[in-house]
Amino acid sequence: MSETQLSSSVSASTSEHFNRAAASAADGLASVYGDTRPLLSRVGKRARDAAHDGYDAARERAAALRERGQQTVESTRGYVRDEPIKSLLIAAAVGAAVIALVEVVRIRRNR
């Protein structure tokens with residue numbers, strides 16, 4: 001057998017091995033994809049369900065907080081209507097406390 005024939009034979013054999021390995025790898029990947037596809041689908045569905053549940057819970061919580069805030073506003077309006085002088089004095093005291101706090105912070109910053 002000449003060197004050219006030997007080289008050609010080795011090249012064909014290597015090419016054949018490579019093609020079989022590539023086909024085997026492709027079959028393996030297709031099999032893995034086929035096996036994991038249902039799992040990935042279930043995981044995706046669970047993730048979507050969890051996201052929807054979180055969104056629904058947040059929306060319900062926001063609605064409850066809005067309702068509670070509305071009740072607080074109505075309660076405050078009722079108190080101001082029933083006790084206007086007391087409400088005015090409380091508002092003045094809170095305003096004075098806020099101004100004093102702002103002045104303390106301003107003085108400390110300027111030091």
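One table, with the values for the structure above:
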| quantity | calculated |
| --- | --- |
| Estimated dipole of segment 51-111 in Debye, rounded to 20 [Cβ of Lys and Arg +1, of Asp and Glu -1, Cα centre] | 520 debye |
| Of all accessible heavy-atom area on the chain, the percent that carbon and sulfur account for (1.4 Å) | 61 percent |
| Per-residue ³J(HN,Hα) for segment 79-85, Karplus 6.51 cos²θ - 1.76 cosθ + 1.60, θ = phi - 60°, Hz, x for Gly and Pro | 5, 5, 5, 7, 10, x, 5 |
| Anisotropy class of the chain from Cα gyration tensor, a/c 1.5 cut | oblate |
| Theoretical ellipticity at 222 nm over the chain - DSSP helices of four or more residues, -39500 (n - 2.57) apiece, nearest 500 | -36000 deg cm²/dmol |
| Difference of contour (0.36 nm per residue) and Cα-Cα distance, I99 to S15 | 21.6 nm |
| Å² per residue, accessible surface of the chain at 1.4 Å | 89 Å² |
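The values are calculated or read from the model by the stated rules, or taken from the named source; none is laboratory data. Just so it is clear, the model here is predicted, and its values are computed rather than measured. Neighbour counts run over all protein chains shown; Cβ positions are idealised from the backbone, glycine included. Surface accessibility is based on the protein's heavy atoms, side chains included, excluding ligands, DNA and RNA. Shrake-Rupley method; radii C 1.70, N 1.55, O 1.52, S 1.80 Å.
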